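Below you'll find the structure, written out as C-alpha cells, and then a few comments.
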Amino acid sequence: MIQIDELDQQIIALLSEDGRRSNRQVAAMLGVSEGTVRKRLRRLRDEGAFRLTVIRSARSLSIGASAYLRLSVAPAYLRDVADRVSSLEACGYAAFTAGRYNFVAFFLMPDRLKLAEVIDREILVLPGVHHVDVREPVVATKHRYDLVRLFPE
Amino acid sequence: MMTDDLDEKIIGLLQEDPQRANKNIAEILSITETLVATRIRGLIETNVIRFVAQRDIAAFGEDVIAHADIYVEGRAAWDVAQDIGQIASVSSVVILTGSPQLIVEIHAADGPGLARIIESEISTVAGIERIELCVSLDIIKYRSDVAEF
C-alpha cells in the first residue's frame, strides 16, 4: 500500500471538490509550489491511488443494456477464460471469485440482443465454460464512481 | 444528447488531461476559447461528461469488493434499495427485473469488516429475505470511465 501523507490528502480533497481546479490554484490554496502539486499528483496517478478523469454517461455512448455474468468454469481452463472474457471491450469488471461460481464479469452493451450474442458467441463457446448465470440490471439507484479500483499505469 | 465530431475531439483531449486549459484545447483544435468553454459547458449540462476525482479504494485501505444478491420479500424493492443506498460501505445499488431484486456492491477493509457490514448494516434493513454473497478474490479489470447519470 502506498504512503499518502497529509499534503496528498489535502490536494485530493481540493480536487475532489472541483476536478477542474488548476494545479496553480491548488498550490496557492495550500501555500506550496505548483511543481510540488504536479509531482504529488503524478506520483498518486502512477501508483494507481488517485486520478482526475472525465467519465462518460452510458447513454451518450449508446449503452442501453448491462449484465452481471457469473461463470462456472473448469479449473484447468479458468485462467484462459478469464483472459478472454476480460479482454472483451464490453467487459467493465472482471474478478475471480469464491463459491458456486469462480469468475464474475460485468458487461455494458448497446442493447439486449448484442448482449445475448456476446454471451452466446464469445463466452459460452470457450472451452471449460460449464454455465453462465446472467443478471440484468434495469436501473442503478446508487453508483459511487469516485470510489474505484485503479491499476498502476 | 448526441455528440458531434468537435465534442468528441474535446472529450478526447480532456480524457488525456482533465486539467488541460481551455486555451490549450482551442489552440490544438484551431477554434476559439469561447467555443471550447461553450461546448464543455454543454457537455456537462446535457449529462454527457462529468469531471471526477477517483480514489483507489485499496490505496485507502479497502481491499475487499463483494457483490450481494438481495432477495426482497414483503416490501417494494425500490424502498429497500433506497435504505441500503444510505450505507456508506455500499458503493452501488442496482435494481433487476427478476429475483434477486437487487445487487449491491460492498467495499470493506477485510473479511471481518465485510461480515460486520452484512450483519449489522445491510441485514437490519426491512424487507430482506435472503442475501447471497459473491466475494471477488482477485480483480483483473475495473473500468471506471463510464457511468449512468
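The values are calculated or read from the model by the stated rules, or taken from the named source; none is laboratory data. Everything quoted here is computed from the prediction, not taken from an experiment. Note that we place each Cβ from the backbone using ideal geometry, even for glycine, and neighbour counts take in every protein chain shown. Please note that ligands, DNA and RNA were not included when accessible areas were found on the heavy atoms of the full protein model with its side chains. Shrake-Rupley method; radii C 1.70, N 1.55, O 1.52, S 1.80 Å.
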Practice task
Please indicate, with yes or no, whether at least one residue in region A:136-148 is open to solvent by less than 70 Å² (accessible area, probe 1.4 Å), in contact (Cβ under 8 Å) with a residue 24 or more places away in the chain, more than 10 Å from every other protein chain (Cβ to nearest Cβ) and under 17 Å from the mean Cα position of the chain (by Cα).
Solution key: no
Practice task
Could you grab me the full set of residues in region B:10-55 that are among the hydrophobic types (A, V, I, L, M, F, W, C), buried (at least 17 other Cβ atoms within 10 Å of the Cβ), at the interface with chain A (Cβ under 8 Å from one of its Cβ atoms) and under 20 Å from residue A:15 (Cβ atoms)?
Solution key: B:11, B:14, B:49, B:51, B:52, B:53
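With the condition being out of contact with any strand residue (DSSP E or B) (no Cβ under 6 Å at 6 or more places or on another chain), under 20 Å from residue B:14 (Cα atoms) and at the interface with another protein chain (Cβ under 9 Å from one of its Cβ atoms), I'd like the strands (runs of 3 or more DSSP E) fully within region A:1-113 carrying at least 1 qualifying residues.
Output list reads A:50-57.
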Fill in the blank from the handout: When restricted to B:149, B:60, the only residue of a type in the set (Phe, Trp, Tyr) and at the interface with chain A (Cβ under 7 Å from one of its Cβ atoms) is B:149
Fill in the blank from the handout: From the option list B:114, B:96, B:102, single residue qualifying as at the interface with another protein chain (Cβ under 8 Å from one of its Cβ atoms), buried (at least 19 other Cβ atoms within 10 Å of the Cβ), farther than 29 Å from residue B:12 by Cα and free of Cβ contacts under 8 Å to residues at least 60 places away in the same chain is B:96
